[in-house]
Amino acid sequence: MDVDVKTSYRIADLTKSFDRAGVVALQDVTLDVPQGSIISLIGPSGCGKSTLLSIMGGLLSQSTGTVELFGADVEGPPREVGIMFQKGTLLPWRSVIENILLPIEIQSGKKAARTARPQAEALLTMVGLSGSEERFPDELSGGMAQRAAICRMLITEPQVLLLDEPFGALDELTREKMDLEIQRIAAAQGATVIVVTHSIPEAVLLSDTVYAMATHPGRISEVIDIDLPRPRELSIMEDPAFGRYTTRVRRALDRGHDTAA
Amino acid sequence: MDVDVKTSYRIADLTKSFDRAGVVALQDVTLDVPQGSIISLIGPSGCGKSTLLSIMGGLLSQSTGTVELFGADVEGPPREVGIMFQKGTLLPWRSVIENILLPIEIQSGKKAARTARPQAEALLTMVGLSGSEERFPDELSGGMAQRAAICRMLITEPQVLLLDEPFGALDELTREKMDLEIQRIAAAQGATVIVVTHSIPEAVLLSDTVYAMATHPGRISEVIDIDLPRPRELSIMEDPAFGRYTTRVRRALDRGHDTAA
Amino acid sequence: MTSSPTVHQPTGRKRSRVSLLSGWLDRLPQPAAVALVVVIALGLWQLLVSFGGVSEIILPSPLSVGGQIIEVVKQLTTGGFLMGQLWITVQEIVLGFLLASSVGFLIGLWIGQTEFGRKAVMPLFVVVEASPKIAFVPVFIAWFGFGIASKFLMAAFMSIFPVIINTAAGMNAASAEEIRLFRSMRASSWEIFWKLKFPRALPFIFAGLKIGIVSAVTGAVAAEFIGGGVGFGEQVRVAASRIALDRVFALILVLSMLGLALFGLVTLAQKKFAFWDSKKTT
Amino acid sequence: MTSSPTVHQPTGRKRSRVSLLSGWLDRLPQPAAVALVVVIALGLWQLLVSFGGVSEIILPSPLSVGGQIIEVVKQLTTGGFLMGQLWITVQEIVLGFLLASSVGFLIGLWIGQTEFGRKAVMPLFVVVEASPKIAFVPVFIAWFGFGIASKFLMAAFMSIFPVIINTAAGMNAASAEEIRLFRSMRASSWEIFWKLKFPRALPFIFAGLKIGIVSAVTGAVAAEFIGGGVGFGEQVRVAASRIALDRVFALILVLSMLGLALFGLVTLAQKKFAFWDSKKTT
Amino acid sequence: AEQAGAEGGGESGETPTLTVALPTTSCLVSIENYVAQENGFFEEEGVTINLEAVNGSAGVLQAIAAGQADFGGPGATPVLAALERGEDIQYFLNVRPGGSFYLVSDSDSGIESASDLEGRTIGVATADGNEVSFVDAIMSNEGFSTDEYEKLTVGEGGTAVAAFERGEIDAYAASADGYATIEHAGIDMTDLTTDSVDYMFGNGYAAPAAVIEDRPDALVAYSRAWIRAAELVADDPQAALEACAEYQPQELEDEDYALSILDLIKQNRTPVHEDEPFGHMAQEDWDAILADALEAEIVTDESLDVSEAFTNELLDQINE
Ligand SMILES: Nc1ncnc2c1ncn2[C@@H]1O[C@H](COP(=O)(O)OP(=O)(O)OP(=O)(O)O)[C@@H](O)[C@H]1O
Ligand SMILES: Nc1ncnc2c1ncn2[C@@H]1O[C@H](COP(=O)(O)OP(=O)(O)OP(=O)(O)O)[C@@H](O)[C@H]1O
Ligand SMILES: Cc1ncc(C[n+]2csc(CCO)c2C)c(N)n1
Ligand SMILES: [Mg+2]
Ligand SMILES: [Mg+2]
């Protein structure tokens, strides 16, 4: 297969089943993600979004099919990728800032982590957590912990971001602010973003393409390209085109909900 | 003070500070919740919503002020209350149905739990999890785990429900369905519901009163009564009054966001 | 019961030779792996005997011990005296372990669950444990005689501490969220313990039981050493004072295999009762 | 570092008398709590002596042991012989414990981290541990001489197993999510170990070290018992062979207090290094 | 095996250094060694001695086999066992010709002699070796076969006392210090030992044949110093006790007890064969000991040559 430099992820005929539980989590997923684009996965609970993200992140292997990133098979967590999980998982023995600096420490050592402290502080300010650097995770609210986890993922400036419901525990305002930040970061770094979300407006606001998924078995049911100009501001949500897109996505979701779910 | 049979929670001048972290999580919170009503707490991340719920649930003691339920001081988890936490926390050594039956088992023994199995199965069907009875928590998706936790809270048919972002991990459709279920259950059992949410439409759809909170320090900033007829259907969201309420709540939230957050 | 989907190994750099070897070792079936270790251990042992300048009355050669093992097994399988001695010791071990694990569990709870236990009861047990327990053998014999009662009590005495400490440590294993959940359900202390803390403590408790069962073996043998009388440990002592080191090692090996078998039973129980804690995907 | 906000006690039913007593006990300051336990223990002991039908040469009375403790402390504080013996034993204990904890930790890692370790190395150590370790004293003396080397190695030998088992068990303590997080950050096995599994294993490891340090005390003493020569344990043996039981108990108590002090040090280290795991709000 | 004291041994002009492994950590039981050391007798005789104490004969033989000690004080039976296993170790000095075991009963029990022990239970410290042969020899001399009395292993010290107190034993086979200890514990003891066990001498000194061959002078020097010390112990036991002050002061805390042990040991030193030089061993005694060892299955090789187990050839020099 020819390597297309414009493509980051190229997924073909991917299937994943959990044999023990007798579940087909994903069936025949085919998906090309152009480099620098933002796509979102939206779909009913249990349709395989997290599973797909785990496979893309090299943390889980598919049952059949191929997953390539920049032309190479994904066989483990690729260097270019930063992942944020549905569960934040901060380490209780590290302060907030130490948690955020963890990926730097792991990839480049303690000294690099010390050097990166200003960036970490800037990220904390961005997510509204400045002043909480030295607090410990059990002193944070749910949303604060989630924001700290976002900072931890952003600190390494990954080329590809895999985000699993990153803003689920945030209020709408903070969430929208975060959406714009993600858009800004992606544009500034030419990064590719794949985000799982349950918020239809968020999906439309962020994405170049929305993949609507359906369940039993988990699959991609519809692909909706969002042709709105970038950079997008919150005001775009007033745009009638935005409304039309949200309606389309909502309809796709409705269809994806099978009777059992 | 006279006992008003129409009031479930009566909270006066409640303040809560976490001394070690030097945080004033809640200041001067005063709040009356009429029996049988549904109220929601909405506000920026870290404004003290979960803390307030914990205090109401008798799991944390206030620093100053009074918290009464049905005229009696709350000094421990009250009998009438069912709580659902922001983190679902299922026990890994119990199957889904065993997790759901846990409160019954604890309050009335193993035999009662066996007897209540049909109710548990009905709840599972309601949340779209029928067929997952015998699976274990680590085989569930994030949203599935959250739905199981909802069932666990509902199984005892509590008179007062304290829900901390109960549907945060659910897609919009499932979420709306759940909202209607909560309304139905509350009406059927005359239950009082206090729900923390980040979704403005959800707050308006569900509530008789929306309490908007602000941060630094955490406090109630605005009280918005929602005068929409009950039972409410999803179609009410098309109602212009609904739109006006969401706008009011959104404005209140905007004001509650201080510059730091 | 937990599903363990196949996962990728972390890649990046090329796998080092060490990790290739270790991967190969990890994939050996258990009998082969055990055989490998046994062969290496025997080889080292033979080397020590051959070149370590150690006389046979200090460290016998694997070969002569092998001969004695055959002899011992022969005596055991034809029943009679030696089998009777082994049976006595087995009883001491099992009774001692059962006593130590049940009482140790209760004391561990007391220490792990209450401030008073932690502050005042624990030091008492540390003091008792730090004493050379064989010094109490005469007291045990004075009270319980030369029969197996004094021996199995001694075995229990010698194996109770690991159970206590690990049970106590395990009482801290449930997370704050889980405890909050149970409290919200108005669970009594008993239910918080039985339905939450106890299952969460199982990995600790089983580690304690594993140490305990092995200590019970040595405890029973030590009691026989000091307290005299009958049993397999006494046979070891007799062989030792005859300087029949090959015999000593052969008898010890039989005891050790017994210990290993009991250890295996505890591990089986762990797999059954703490199935949800079995190996996580690495 | 963790905040522990005041929490309500579960209410509901009226508190039982038991829980009232237990609450009162829990609120005693440590010195008072310890004093209470000591007084009860001494009382029971005196009762056993008075009514247990055992003569003073088997179980001395608290009073005569108290007199001997004064005697022993006098001999210790005036320096000289007994102090020298104690110092030897302290060295054996500390060296033995340091060796056991470091080597035991490494072996525990091997067992906890690799399939090969679990399947093949662990059985080997179980077999070794299940053998009466004092049988190896002559071998140790043959190799390491009459000095403290053979004794502290014996102490290490006797205290290594709890460290191994608990370290191995602790390697399983990190959650699947945490491991996934680290793998997603492309952490090497070393980093997963050092930054995740090791901190998560600390509650297990410290439980192992607590058992280990106390075993090192008895290990050193046992080595002196069997290996002869010098040290505080030898003094116990001499006293025991004279049937000077009050002296035996007094010497043992000194050793035990030493054990308790070392145990306290390990507990302090735990508070410092596993601060985030300290008592959860119950 | 390499020799522990070898560094000073071979070269002329220097005092040879030897390490001796004593079978007990009791200073009193091995008092002669400590007296010789404290009074400089070893140096005066031309040898430097390191005293090392282990617990029991097996430990002594193992220390010698390991090269940690040059010679030591094992019992005769363990030496036969070692011999059978290929260690060429030889007794060269029998220092407890009078034996070191006593058959004792509780004086209150009414048992006056060994003949009263029919159908009774006799406690032994260990189920192996010497005490068993000792008891069996006495009893068979009284005309009892082994099924006409019981033997119960009860250990030493406290456990033996416990056995008396519980009435589980009627008599006990004790070593000198065990005897003194039980008596000292307040149980009045009657000595039932008969001369039928005269052949059973106690622990003496033994060395590898190679050491006896290569360094006889050092062993002779040691032995001479030992005998001088023994005389001093006999003449002035109170003064002799001083030697233990540095090694085992605890044993001196009760002087009566200490002196009673020295008195018992003095009996142990009394020769049975009166015309022979001190330290002498008779072939027939060794034969009898071997017979016991074969009977007890401590040794299985009936063709073992006891003359390999001892040598009297240093005695002339030692006693000269
Ligand atoms: N380890 C596992 N073992 C067995 N089944 C699993 C496992 N992980 C996920 N599944 C199943 O695979 C399906 C997809 O799960 P996944 O977590 O990908 O859903 P999701 O789309 O992320 O849902 P949500 O929005 O609720 O997070 C579900 O049916 C789930 O039960
Ligand atoms: N145990 C604790 N120790 C110290 N501070 C705490 C603790 N729990 C909460 N806080 C602080 O109290 C404040 C309120 O927290 P709370 O969890 O109630 O927020 P929240 O409104 O639920 O936020 P979110 O929407 O993010 O869940 C936060 O600043 C938080 O850091
Ligand atoms: C020189 C000498 N040393 C020790 C003893 C007494 N003793 C101490 S330990 C033991 C048993 C060892 O086999 C015996 C008999 C003795 N009589 N002569
Ligand atoms: Mg998911
Ligand atoms: Mg919250």
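The values are calculated or read from the model by the stated rules, or taken from the named source; none is laboratory data. Source: prediction; values computed, not measured. Please note: Cβ atoms are built from the backbone with ideal geometry, for glycine as well, and neighbour counts cover all protein chains shown. These area figures cover heavy atoms from the full protein model, side chains too; ligands, DNA and RNA do not enter into them. Shrake-Rupley method; radii C 1.70, N 1.55, O 1.52, S 1.80 Å.
Here is how the numbers come out for the structure above:
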read-out: Filter result for A:ALA148 (out of contact with any strand residue (DSSP E or B) (no Cβ under 6 Å at 6 or more places or on another chain), within 16 Å of ligand 2 (Cβ to nearest atom), part of a loop (DSSP other than H, G, I, E, B) and open to solvent by less than 30 Å² (accessible area, probe 1.4 Å)); value: no
read-out: Near pairs, Cβ below 8 angstrom, 6+ apart or cross-chain, from the range B:117-128 (outside any helix (DSSP H, G or I)) to any residue that is among the small types (Gly, Ala, Ser) and surrounded by fewer than 15 Cβ atoms within 10 Å (Cβ to Cβ); value: B:GLY128/A:ALA260
read-out: Any hit, the range C:231-250, residues being more than 9 Å from chain D (Cβ to nearest Cβ), at pLDDT 90 or above and crowded, with 19+ Cβ neighbours inside 10 Å; value: yes
read-out: Residue within the range A:53-60 that is more than 25 Å from A:LEU170 (Cβ to Cβ), in contact (Cβ under 8 Å) with a residue 12 or more places away in the chain and crowded, with 23+ Cβ neighbours inside 10 Å present; value: yes
read-out: Test: residue in the range E:77-85 that is surrounded by fewer than 24 Cβ atoms within 10 Å (Cβ to Cβ), away from ligand 3 (no atom under 16 Å from the Cβ) and more than 18 Å from the chain's Cα centre (by Cα); value: yes
read-out: Unmet criterion (only one of (1) away from ligand 5 (no atom under 16 Å from the Cβ); (2) open to solvent by 10 Å² or more (accessible area, probe 1.4 Å); (3) of a type outside the set (S, T, N, Q)) for B:VAL33; value: (2)
read-out: Count of the range D:184-197 residues which are open to solvent by less than 10 Å² (accessible area, probe 1.4 Å), at the interface with chain C (Cβ under 9 Å from one of its Cβ atoms) and part of a helix (DSSP H, G or I); value: 0
read-out: Tally of residues being more than 18 Å from D:MET158 (Cβ to Cβ) and touching a residue at least 60 places away in the same chain (Cβ under 8 Å) across the range C:225-243; value: 9
read-out: Residue among B:GLU121, B:GLU134, B:GLU176 that is more than 20 Å from B:VAL81 (Cβ to Cβ), touching a Ser or Thr at 6+ places or on another chain (Cβ under 6 Å) and away from ligand 4 (no atom under 16 Å from the Cβ); value: B:GLU134
read-out: Residue selected from the range C:11-62 under the condition under 30 Å from E:ALA65 (Cβ atoms) and of a type in the set (Gly, Ala, Ser), by the criterion modelled with the lowest pLDDT; value: C:GLY53
read-out: Some residue of the range A:56-63 being more than 13 Å from every other protein chain (Cβ to nearest Cβ), at pLDDT below 95 and away from ligand 5 (no atom under 16 Å from the Cβ); value: no
read-out: Filter pass, E:THR181 being of a type in the set (S, T, N, Q), within 14 Å of chain C (Cβ to nearest Cβ), buried (at least 18 other Cβ atoms within 10 Å of the Cβ) and under 19 Å from the mean Cα position of the chain (by Cα); value: yes
read-out: Search result, residues across the range D:24-78 that are farther than 20 Å from D:MET257 by Cα and among the small types (Gly, Ala, Ser); value: D:SER50, D:GLY52, D:GLY53, D:SER55
read-out: From the options B:ILE11, B:ILE39, residue that is of a type in the set (Val, Ile, Thr), away from ligand 1 (no atom under 16 Å from the Cβ) and closer than 22 Å to B:ILE200 by Cα; value: B:ILE39
read-out: Test: residue in the range B:92-101 that is under 30 Å from B:ARG230 (Cα atoms), away from ligand 2 (no atom under 11 Å from the Cβ) and in contact with a Cys (Cβ under 7 Å, 6 or more places away or on another chain); value: yes
read-out: Selection from the range B:209-261 of residues that are more than 20 Å from B:LYS49 (Cα to Cα), of a type in the set (D, E, K, R) and either within 14 Å of chain A (Cβ to nearest Cβ) or open to solvent by 20 Å² or more (accessible area, probe 1.4 Å) (or both); value: B:ASP227, B:ARG230, B:GLU233, B:GLU238, B:ASP239, B:ARG244
read-out: Complete set of residues in the range A:165-189 that are open to solvent by 10 Å² or more (accessible area, probe 1.4 Å) and not in a helix (DSSP H, G or I); value: A:GLU165, A:GLY168, A:ALA169
read-out: Count - residues of the range C:129-158 that are buried (at least 24 other Cβ atoms within 10 Å of the Cβ), farther than 17 Å from D:PRO60 by Cβ and without any contact (Cβ under 8 Å) to a residue 60 or more places away in the chain; value: 2
read-out: The range B:139-180, subset assigned by TED's automatic domain parsing to the domain that holds B:LEU129 and basic (Lys, Arg), residue farthest from ligand 1 (Cβ to nearest atom); value: B:ARG152
read-out: Residue within the range E:42-53 that is within 11 Å of another protein chain (Cβ to nearest Cβ), at pLDDT 90 or above, under 21 Å from the mean Cα position of the chain (by Cα) and open to solvent by less than 30 Å² (accessible area, probe 1.4 Å) present; value: no
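To keep it simple, each residue is scored yes or no on (1) modelled with pLDDT under 90; (2) away from ligand 5 (no atom under 16 Å from the Cβ); (3) not charged (D, E, K, R).
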{"site": "B:ILE150", "(1), (2), (3)": "no, yes, yes"}
{"site": "B:LEU163", "(1), (2), (3)": "no, no, yes"}
{"site": "B:LEU180", "(1), (2), (3)": "no, yes, yes"}
{"site": "B:ARG184", "(1), (2), (3)": "no, yes, no"}
{"site": "B:GLU202", "(1), (2), (3)": "no, no, no"}
{"site": "B:ALA212", "(1), (2), (3)": "no, no, yes"}
{"site": "B:ARG219", "(1), (2), (3)": "no, no, no"}
{"site": "B:VAL223", "(1), (2), (3)": "no, yes, yes"}
{"site": "B:ARG255", "(1), (2), (3)": "yes, yes, no"}
